[in-house]
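**Q** Have a look at the structure that comes next, please.
The values are calculated or read from the model by the stated rules, or taken from the named source; none is laboratory data. The structure displayed is predicted, hence computed values, not measured ones. Here Cβ is always computed from backbone atoms with ideal geometry, including for glycine, and neighbour counts include all displayed protein chains. The accessibility values were calculated without ligands, DNA or RNA, using every heavy atom of the protein model including side chains. Shrake-Rupley method; radii C 1.70, N 1.55, O 1.52, S 1.80 Å.
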Amino acid sequence: MNGTLVLLHGVASNSARWAEFAERTRLKDSWRLLRPDLRGNGAAASPRTRLGMDVWCGDIAKLLDAERCERAVIGGHCLGANIALHFAARFPGRVSAIVLIEPMPREAFVGSAAWLPFLRPLLYLIYGAARALNSCGLYRRRLAPLDLREWDRVTRRGERKLSMLATLGIDLAATPLAAYMRMLAATAEPWPDVAAIRVPVLALISSRSSMTDPVRTRRALAALPDCDLVELDAVHWIPTEQPDAMRTTIEDWISKRGLETGP
């Protein structure tokens, strides 16, 4: 294998977010593609576990250990992009490059996302209460399945509105309450000191983002010492709206940066 690419999903999501990418990318023949369910989501939706940036970053390190991978390209969408930055700051020796897809700097939040920094105390309160109930055995035994590969296909056919993504009812049907609240709070956490991140970074941002201001996002990304930025015509859901452009941009950037001979 030429290298390892870890792909992290966002809030109220799961590893299916990257199923289409994994099926279609030319990297699949020479790269190891890891698509974990972040703890609290999908197959990792344990009701009693503690969640947080340190937990998710630690889980990624353990995943690399289990795969006997010393260094990897770490990519993510939305909250997953923020986690990728935090992982690079906490485990710099384990990261060869970073791919950020619609990263979420909190100083760039707009629309409904602009409320997240102010709602963090309430989100933590609900998270703590939900965990207390979970520890007493009070939690949902069954969550609604969320096949994001099929969701994307149906959306592109016009049979489902794009705006239904990130809808509270749909999110909570597929995600434990504690995990949902903790991930929303994590999205509003400050970024680490990205100026200290010395590996190459590719950032894909939406030109019509409904959650972040592109100008302020560019300003936040400018603090990265080595960042290539690409703007795509999308409102936030780049894997849904621009799957081919996203895929080829990542593939070409990996090749251009000489990461084909990575760890």
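**Q** Between Asp193 and Ser46, what is the label-point separation in nm under the 7 Å Cα-to-beta-carbon projection?
**A** 3.3 nm
**Q** So how much slack lies between Asp29 and Leu168, counting 0.36 nm per residue of separation and subtracting their Cα-Cα distance, in nm?
**A** Length difference between fully extended and current span is 46.3 nm.
**Q** If you don't mind, there's one more thing I want to ask. In segment 1-109, carbon and sulfur make up what percent of the accessible area (probe 1.4 Å)?
**A** Of the solvent-accessible surface of segment 1-109, carbon and sulfur hold 45 percent.
**Q** Output the 0 to 90 degree angle, nearest 10, between the alpha-carbon long axis of helix 53-66 and the longest principal axis computed from the alpha carbons of the chain.
**A** Compared with the principal axis, the helix lies near 50 degrees.
**Q** Is the C-alpha gyration tensor of segment 72-126 telling us rounded, prolate or oblate? Criteria: a/c under 1.5 is rounded; beyond that, a/b larger than b/c is prolate, otherwise oblate.
**A** Working: a/c = 3.27, a/b = 1.92, b/c = 1.70.
Prolate, since a/c reaches 1.5 and a/b exceeds b/c.
**Q** Next up: Which percent, nearest 5, of DSSP beta bridges in the chain are antiparallel? Don't skip to the end; give the middle numbers.
**A** Values: 1 of 25 bridges.
The antiparallel fraction comes to roughly 5 percent.
**Q** To one decimal place, what orientation-averaged projected area in nm² is obtained for the convex hull of the Cα set of segment 1-82?
**A** Orientation-averaged projected area of the Cα hull: 5.4 nm².
**Q** Working with all protein chains in place, sort Val55, Val215 by solvent-accessible area computed with a 1.4 Å probe, largest first.
**A** Val215, Val55
**Q** How much accessible area per residue does segment 17-164 have, in Å², with a 1.4 Å probe?
**A** Ligands and nucleic acids excluded, the result is 49 Å² per residue.
**Q** Given Cβ point charges of +1 (Lys, Arg) and -1 (Asp, Glu) and nothing else, what value in debye, to the nearest 20, does the dipole of the chain about its Cα centre take? Numbers along the way, then the final one.
**A** Numbers: 35 positive and 28 negative charges, 147 e Å.
Once rounded to the nearest 20, the dipole reads 700 debye.
**Q** Among Ile98, Ser30, Leu64, whose Cα projects farthest towards the positive end of the dipole of the chain, with charges put on the beta-carbon of Lys, Arg (+1) and Asp, Glu (-1)?
**A** Leu64
**Q** Please report, in whole Å, how far the alpha carbons of the chain spread along each principal axis, starting with the longest.
**A** 51, 40, 34 Å, listed from the longest principal axis down.
**Q** Can you compute the FRET efficiency between Glu150 and Ser210 using 1/(1 + (r/R0)^6), with r the Cβ-Cβ distance and R0 = 30 Å? Round to the nearest 0.05.
**A** 0.85
**Q** Further, regarding this structure: For the chain, find the longest principal axis of its Cα atoms and tell me its angle to the long axis of helix 177-187, 0 to 90°, nearest 10.
**A** 40 degrees
**Q** Using a ≥ b ≥ c from the Cα gyration tensor of segment 116-194 (square roots of the eigenvalues), is it rounded, prolate or oblate, where a/c under 1.5 gives rounded and otherwise the larger of a/b and b/c decides, a/b for prolate?
**A** Oblate, because a/c is 1.5 or more while a/b does not exceed b/c.
**Q** Which lysines, on any chain, are close to Lys28 with Cα under 21 Å apart, when same-chain ones fewer than 8 places away are left out?
**A** Lys256
**Q** Can you pull the one-decimal nm distance between simple spin-label points at Val230 and Ala114, each 7 Å off the Cα toward Cβ?
**A** According to this spin-label approximation, the distance is 3.1 nm.
**Q** Follow-up. Over the chain, what relative contact order in percent results from Cα pairs under 8 Å that are six or more residues apart?
**A** 26 percent
**Q** Can I ask one more? Under 9 Å from the Cβ of Pro105, count the other residues' Cβ atoms, weight Lys and Arg +1, Asp and Glu -1, and hand me the total.
**A** +2
**Q** Let me ask something additional. What is the gain in length, in nm to one decimal, between Asp65 and Leu133 on full extension, counting 0.36 nm per residue of separation less the C-alpha to C-alpha distance?
**A** Difference between extended and current length: 21.2 nm.
**Q** Which whole-angstrom value gives the distance between the alpha carbon centres of segment 3-29 and segment 161-219?
**A** About 17 Å separates the Cα centre of segment 3-29 from the one of segment 161-219.
**Q** What is the Cα centroid distance between segment 33-105 and segment 227-258, reported in whole angstrom?
**A** If we compute the Cα centre of each part, the gap is 19 Å.
**Q** Under 12 Å from the Cβ of Met53, count the other residues' Cβ atoms, weight Lys and Arg +1, Asp and Glu -1, and hand me the total.
**A** Overall, the nearby charge balance is +1.
**Q** With a sphere of radius 14 Å drawn around the Cβ of Arg160, what net charge do the other residues whose Cβ falls strictly inside it have (Lys, Arg +1; Asp, Glu -1)?
**A** Every neighbour counted, the sum reads 0.
**Q** Let me know the shape class of segment 57-161, please: from the alpha-carbon gyration tensor, a ≥ b ≥ c as square roots of the eigenvalues, rounded when a/c is under 1.5, otherwise prolate if a/b is greater than b/c, or oblate.
**A** rounded
**Q** Moving on to the next point. Over the Cα atoms of segment 140-262, what Rg and Dmax result, in angstrom?
**A** 17.0, 47
**Q** Treating the beta-carbon of each Lys and Arg as +1 and of each Asp and Glu as -1, no other charges, what is the dipole magnitude of segment 30-163 about its Cα centre, to the nearest 20 debye? Each step should come with its number before you reach the end.
**A** Details: 22 positive and 12 negative charges, 78 e Å.
Using Cβ point charges on Lys, Arg, Asp and Glu, segment 30-163 gives about 380 debye.
**Q** Mind checking which of Val154, Ala245, Gly169 is farthest towards the positive end of the chain's charge dipole, using Cβ charges of +1 (Lys, Arg) and -1 (Asp, Glu) about the Cα centre?
**A** The residue sitting farthest along the positive end of the dipole is Gly169.
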